[in-house]
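Single-structure report; data block below.
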Protein chains: 2
Amino acid sequence: MAEAKAWPPGRIKIADALRVLLEKKDFSAITTAEIAKTAGVTEALIYKYFKDKRDLLYQVLAENLEHYHFRAHTDLKGIKGALNKIRKLIWSHINVYATDRVFAKILLLDVRSFSDYYTSETYKLVKKYTEILLEIIQEGIKDQEIRDDIPPVFLRQAILGSIENVCLTRVIFGREISPDDLTEKLCEFVFKGIEQRAVNHSTTQPLNY
Amino acid sequence: MAEAKAWPPGRIKIADALRVLLEKKDFSAITTAEIAKTAGVTEALIYKYFKDKRDLLYQVLAENLEHYHFRAHTDLKGIKGALNKIRKLIWSHINVYATDRVFAKILLLDVRSFSDYYTSETYKLVKKYTEILLEIIQEGIKDQEIRDDIPPVFLRQAILGSIENVCLTRVIFGREISPDDLTEKLCEFVFKGIEQRAVNHSTTQPLNY
DNA sequence: TAGACAAGGTTAGGAATCCTTACCCAGCAT
DNA sequence: ATGCTGGGTAAGGATTCCTAACCTTGTCTA
């Protein structure tokens with residue numbers, strides 16, 4: 001799937017058309033007629049390449065996911081330490097939402113309400129992506145950088161939830177997303193929590209940086 | 001809106017019918033014909049009481065929200081300390097998702113993809129609900145229980161995101177939700193963060209419990 | 001080199017779905 | 001008795017998603 005090469009022109013035009021339309025409209029408000037017209041093909045062609053309208057959405061998402069998954073992987077190369085990796089992953093993650101609003105909208109809003117999405121190939125890609133974070137957490141626990149009294153899978157959910165929810169409102173209302181600023185705040189939150197630390201200047205110095 | 005009293009029987013039957021159908025199906029897969037049939041009324045009656053199919057969804061959600069918002073408020077009475085209040089709020093919040101899966105599905109999955117939802121009266125109720133958490137955070141900052149170097153609005157988003165994302169997968173896949181267990185883990189995460197604390201047995205005893 | 005056969009695309013249409021317009025009827029106030 | 005309001009129905013139309021069948025062009029092969 002999404003072989004990156006050799007898609008017929010019609011298929012490409014259709015996928016691009018959907019991306020264009022999603023910039024301005026909800027997925028549910030976009031009709032197949034509209035997609036076909038924007039793509040410059042007939043409606044029936046959509047159904048040659050996609051099972052149905054949703055499948056088109058899933059496949060468009062999948063193409064983006066593959067790309068960003070690959071990028072996340074390379075972005076992490078050369079970084080030492082679980083917390084540093086998490087910081088970088090958060091930054092990259094937010095940066096994608098900041099620069100590709102259509103992708104953000106599809107992933108955070110459009111597909112989530114369809115229950116067949118969770119059995120799709122595309123959802124497997126999402127899981128593959130979040131696997132990266134899980135591995136970093138496990139590494140961090142092993143190296144004593146991350147606490148070991150909360151299950152890694154749980155931590156992953158909580159971390160991703162906070163990232164996504166912070167970006168979500170900004171995506172919905174078209175507000176600006178600043179990766180630097182948000183990453184800084186998110187890391188503070190995720191790493192240290194909201195509790196006011198004891199104001200004990202002698203013993204609470206951070207050890208790692 | 002949602003005057004709690006004096007709704008005509010037809011309206012009640014329609015709202016109930018939607019709730020029943022949502023237990024088994026996506027909102028997008030439910031037809032107006034189906035709703036009418038389940039309710040034992042004609043399709044046209046839906047449009048007497050609701051602007052359109054979505055408006056029906058929003059209003060059903062609104063009714064639940066009002067109820068849970070009220071309950072959250074009373075649940076917090078008599079609790080001292082911002083962190084204790086947050087713990088209780090998290091528990092109540094999760095408990096709602098645990099006991100009312102339809103409500104959870106509507107709020108976390110169904111309405112989010114519709115952009116007109118964010119201009120609806122129902123969304124205002126959601127904001128009113130999240131306002132509770134914001135006020136607690138502000139109180140906590142004032143009382144030095146909560147760190148003051150991250151904006152309260154940001155903290156609220158991050159906290160709610162982690163709560164909701166933790167519940168989300170369980171809602172999607174129909175897995176069990178254990179309020180006690182999840183609250184404990186979430187509070188640990190939210191209050192203290194993921195970073196392994198310095199293993200300094202003399203000074204790191206928790207103070208509050 | 002005819003012809004089989006994919007691959008890419010179109011024509012035409014049908015079932016379902018959402019929603020509207022016009023109508024009915026009971027109760028009740030004047 | 002009459003007008004009017006609130007709750008409900010009947011009937012239909014436009015739109016939307018999707019399918020079946022067909023066309024066309026290039027390529028492989030006997």
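Read-outs throughout are calculated quantities, based only on the coordinates presented, and are distinct from any laboratory measurement. All of these numbers come straight from a predicted model, not from anything done at the bench. Because the Cβ atoms are built from the backbone with ideal geometry, glycine has one as well, and the counts that use them run over all protein chains shown.
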| task | Within 10 Å of each Cβ in peptide A:160-173, how many partner chain Cβ atoms are there on average? Round it to a whole number, please. | result | 5
| field | Distance-filtered residues of the stretch A:102-133 - backbone nitrogen under 18 Å, label point 7 angstrom along B:Lys24 Cα→Cβ | value | A:115-116
| field | Over the stretch A:1-69 - Rg/Rh using Cα atoms and the Kirkwood inverse-distance radius | value | 0.94
| field | Ellipticity estimate at 222 nm from DSSP helix runs (n ≥ 4, -39,500 (n - 2.57)) divided over chain A, nearest 500 | value | -20000 deg cm²/dmol
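By its C-alpha gyration tensor, with a ≥ b ≥ c as the square roots of the eigenvalues, how is the protein assembly as shown shaped: rounded for a/c under 1.5, else prolate for a/b larger than b/c, else oblate?
Oblate is the answer for the protein assembly as shown, as a/c is 1.5 or above yet b/c matches or exceeds a/b.
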| Simple label model, 7 Å out from Cα along Cβ direction - A:His69 to B:Thr169, nm | 1.6 nm
| task | Can you list the distances in nanometres, one decimal and ascending, from the A:Phe70 label point to the identical position in each other copy, with the point 7 Å along Cα to Cβ? | result | 5.6
| remark: Excluding residues fewer than 8 positions from A:Lys88 in its own chain, the aspartates and glutamates with Cα under 17 Å of it are A:Asp75, A:Glu131, A:Glu135, A:Glu139, A:Glu145, A:Glu164, A:Asp180, A:Asp181, A:Glu184, A:Glu188, B:Glu195
| query | With each label point set 7 Å from Cα along the Cα-Cβ vector, what nm distance links A:Asp181 and A:Gln144? | reply | 3.9 nm
| query | Between B:Thr99 and A:Tyr118, what FRET efficiency comes out of the Förster formula 1/(1 + (r/R0)^6) with R0 = 25 Å and r the beta carbon distance, rounded to 0.05? | reply | 0.65
| task | Would you kindly work out, in nm and rounded to one decimal, the distances from the label point of B:Glu176 to those of the same position in each other copy, ordered shortest first, with label points 7 Å along Cα-to-Cβ? | result | 4.9
| message | Please report, for B:Asp52, the nm distances (one decimal) from its label point, 7 Å out from Cα along the beta-carbon direction, to the equivalent points in the remaining copies, shortest first. | response | 2.0
| request: Provide a whole-number value for the mean count of partner chain Cβ atoms within 10 Å of the Cβ atoms in peptide A:109-118. | output: 5
| request: Evaluate peptide A:135-145: per residue, the Cβ atoms of other protein chains within 10 Å of its Cβ; return the mean as an integer. | output: 1
| said: On a 19 Å Cα-Cα criterion, which of the cross-link pairs A:Lys25/A:Lys53; A:Lys128/B:Lys105; A:Lys25/B:Lys124; A:Lys53/B:Lys48; A:Lys185/B:Lys127 come out too long? | reply: A:Lys128/B:Lys105; A:Lys25/B:Lys124; A:Lys53/B:Lys48; A:Lys185/B:Lys127
